[in-house]
Each structure stands twice: as structure tokens, then as C-alpha cells.
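Take a look at the structure below.
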Amino acid sequence: MTAPTMPDARGRFGDFGGRFVPETLMTALGELEAAFAEAREDAAFQDELQSLLRDFVGRPTALYFAENLSKRLSGTTSDGAAKVRIYFKREDLAHTGAHKINNAVAQGLLARRLGKQRIIAETGAGQHGVATATVCAMFGQECIVYMGAEDVQRQALNVFRMKLLGAEVRVVDSGSQTLKDAINEAIRDWVTNVETTHYLLGSAVGPHPYPLMVREFQSVIGSEAREQMLAAEGRLPDYAIACVGGGSNAIGLFHPFYNDDVRFIGVEAAGEGLDTGHTAAPLSVGSPGVLHGSYSYLLQDEGGQIEEARSISAGLDYPGVGPEHSFYKQSERAEYVAATDEEALEGFKLLSETEGIIPALEPAHAIAYASKLVPTLAEGTIVLIGLSGRGDKDIDTAAKALGVDLT
Ligand SMILES: *Cc1c(COP(=O)(O)O)cnc(C)c1O
């Protein structure tokens, strides 16, 4: 690994990241950093993680050549082949239906190694909450999930899932009653109970070592995809495209290609449109500041107050982004673009119709952007898209947005 892909001694990727937390958490973060560094080198930990990823999560997930979509977007050559070849890395096939389980399993294992039996987590739509509750049930750990009151209402089914899995869901009534407030509460709990508790953070955000640790646990996506691409095509893709909320599925897909000649495109949620003020696209329209313990791009007003994020996709509905993406933006290693709610819905329908795969609304943003990019690409180009999750959770939202009455 080359230097730029590792944070410096202060936990920074270039200017971004760091550890902006109350002093009471500094010890726990130091302890976590040390435990993570040890676990990484420990063959027993890695063996156990590998077997859980295989038997519990269902890895490796498939790499799928989307021939119909490729032909639809790029047309065909004289012998009937797709001009541009689009592949999907199928995280939708992982246990619980998204990539979040990769990180949850690994952090659950790390918590056990730290001797911490009490796990707390935050959740927006409930996907990370479900992944964490799933892992805690399997490891026999106590699980408390913080969730904004508004999200509890919107995601009743996931609340029930978490309870079935034995988790306690704590409703957060403060602020906008969404993900950002749930994270605030989880941090507050951690400060109070840090001796017994591991905070199982769900994306590549937060204070060091979380962004690094989550990236490493999610890099299984890109590592597998790299091998699978070489097996399928005998070469690496020209593009890797993924949606960016906090940024964990994207950085997990990108990182193993860091030193390769592969162009990275992160697709944020433009919400109602980049110029409407109703977006969840900090890299596109935000500016750097501190949120949830780390310095990175975020949505803020002139006084530095955090602005509300807005996206049709709950998993992208976050005003910040992981620091490594801010570094990729600054160093121009990746390009960041955005897709609107409406475009994401088109992407959602497009993949469903052409390939028989209903994607989550989050990766539908990446599909939407690809549907504009692919027709402009030269014949022979290969595009890899991270399909971070399946769409079952979004059927109601999509039906409503498309004006379909399910009752
Ligand atoms: C949570 C979620 C995301 C966004 O989180 P990242 O950390 O940016 O990956 C994307 N896709 C799906 C399916 C999710 O559940």
C-alpha cells in the first residue's frame, strides 16, 4: 500500500479526518486503534473473520456482467456484442441485503476481542441497525440502536426486525429526529459507558480510527471485485462507480484499485437538485468542517451550523461524508458527481426492467449516473458499478414517489 492510502499519526488523510472528540473518548479511541492494528496482523482473527464472511455473510458475492443493460446503454457491435461492458459487484446478495454486514461482522468480532459485551449503534433507514442487531444476535452481545423519531416512523418494518433480533431501539427526539441526531445520542452513550461498550459505527465516518477501520473491513468488496474482473476479462475495469452516503461502500470498492489505472466516480444524492438547497451532496455543494469527530466536507450554513440533508434514499440522507473521500476529492484521485431523486428512480426502474435486479435506491444513484456516462464511452470500455444493496426496503418509497397506490 502506498502512503496516501494510510492516515498520518493524527489520523488524517491529507487535511481530512482526525479526532475531534471529548477527552473522555480519547482513551477508548486509542484502545480501539491498537486493537484494530493487532487484529489485522493476527492470523486467528483473520481466519475467524474469513469464515464468518463466507458462511454467515455469504461471500464472495458475485460479479455480474449486465449484458442487457450494457447493450441498452451503449449499443452493440456488428457481431451483436455490447460496446461497453458493465459489471455489478453484487453486495445486494450479502446477508441482510447490503454491504453493511461486512463491517458489522468485523467490528462485532473486534468488540469481542476487546471484551466489550455491550454494543451500541446508530441507524437512519435501519439498514445498519439491522446489520448490527443481526451480528449481535449471532455473537450473543447486548445491542442498543439509536434511531431518530422521524426514521422510526418511516421505517417501522426495520424497527420490528431489530426487535426480533433482540435489539433495543432507543428513539431519539432531539434535533431533526434523524440519523445525525441518532449519532449524537450514540456518542453521548459511548462517553458515559465507554468501559463496557463498543460503538459499532456504520460508515467510513467519525473520528480516527473509524474511517480507516471501516474502509479496511469494506475493502473486501473491491478486493473480490478485482480478482473477479481479472478472471472475467483478463484486465481491470476502466471505471469504478459507487454511491456515496457516508462513503463506506464506495471506499471499499475503490481502495483496492487505488494504485491502478481505474477512474473512480462517487455519486452523491442531489436530492431535489444541487441548486435547491435540498440535497445530501456535501462533496458537491458543501464545504469542510467538523462533524461527528472528524474534519471533512459537510453541509453547513454560514455560521457553521449543520444543515439538514435531503434525499429520497435514507441511506444517503446524511450531511457529512467520510474524510478519505474529501481527500480523494482534494487530490483528484476520484471525481464526485450527483444524481437527483428523480434520476435515481429512473435508475431503479432501469435495472429492474433490464436485468431482473431491483436495486436499493442508494446504488440506483450510481446506475443513474452510469446511464448518462456509458453512452459517451468508447467501444471496449469496462465499467464496474458497486451494487451496494437490494431494493426490497425501498419498494414503498418508490411506489409512493412513482404515484402507485399499494393499498
Ligand atoms: C447505508 C447504505 C448506503 C450508504 O452508506 P455508505 O457508507 O455510503 O456506503 C449505500 N447503499 C446501501 C444499500 C446502504 O444500505
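Key figures
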{"item": "Whole-Hz ³J(HN,Hα) from phi, Karplus 6.51 cos²θ - 1.76 cosθ + 1.60, for segment 397-406, glycine and proline x", "result": "4, 5, 4, 4, 5, 8, x, 9, 8, 7"}
{"item": "Average silhouette area of segment 25-123, convex hull of alpha-carbon atoms, in square nanometres", "result": "9.5 nm²"}
{"item": "Inter-label distance, nm, simple model (7 Å from Cα along the C-beta direction), Glu67/Arg10", "result": "5.4 nm"}
{"item": "Global geometry of segment 171-317, whether rounded, prolate or oblate, following the gyration tensor of its Cα atoms and the 1.5 cut on a/c", "result": "oblate"}
{"item": "Net length gained if the chain between Glu353 and Glu379 were fully extended (0.36 nm per residue, minus Cα distance)", "result": "7.0 nm"}
{"item": "Bins of 10 Å from zero: percent of alpha-carbon pairs in the chain", "result": "5, 24, 36, 25, 8, 1, 0"}
{"item": "Members of Lys116/Lys180; Lys71/Lys329; Lys180/Lys400 lying beyond 27 Å, as alpha-carbon distances in this model show", "result": "Lys71/Lys329"}
{"item": "Relative packing of 110-122, 202-214, 240-252, which averages over residues the other C-beta atoms within 10 Å, highest first", "result": "240-252, 202-214, 110-122"}
{"item": "Segment 297-359-segment 184-219 distance, computed between alpha-carbon centres (Å)", "result": "21 Å"}
{"item": "Thr24-Val171 FRET efficiency (beta carbon distance; Förster radius 25 Å; 0.05 resolution)", "result": "0.50"}
{"item": "Prolate/oblate/rounded call for segment 270-407, Cα gyration tensor, a/c under 1.5 rounded", "result": "oblate"}
{"item": "The chain: Cys lacking any partner C-beta under 4.7 angstrom", "result": "Cys243"}
{"item": "Global form of segment 230-324, assessed from the alpha-carbon gyration tensor, a/c cut-off 1.5", "result": "prolate"}
{"item": "Pairs of alpha carbons in segment 204-286 whose separation is greater than 17 Å (percent)", "result": "53 percent"}
{"item": "In segment 195-290, trypsin sites (Lys or Arg not before Pro) in a DSSP loop with at most 15 other beta-carbon atoms within 10 Å", "result": "Arg235"}
{"item": "By average C-beta atoms within 10 angstrom, highest first, the peptides 152-160, 291-299", "result": "291-299, 152-160"}
{"item": "Separation of the Gln330 and Glu308 label points, Cα + 7 Å toward Cβ, nm", "result": "3.1 nm"}
{"item": "Candidates per GluC sites (Glu not before Pro) in segment 158-225, loop by DSSP, up to 15 other Cβ within 10 Å", "result": "Glu195"}
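Any read-out appearing in this document is the output of simple, stated calculations on the displayed coordinates, not a laboratory observation. Keep in mind the model is a prediction, meaning the values are calculated, not measured. Neighbour counts run over all protein chains shown; Cβ positions are idealised from the backbone, glycine included.
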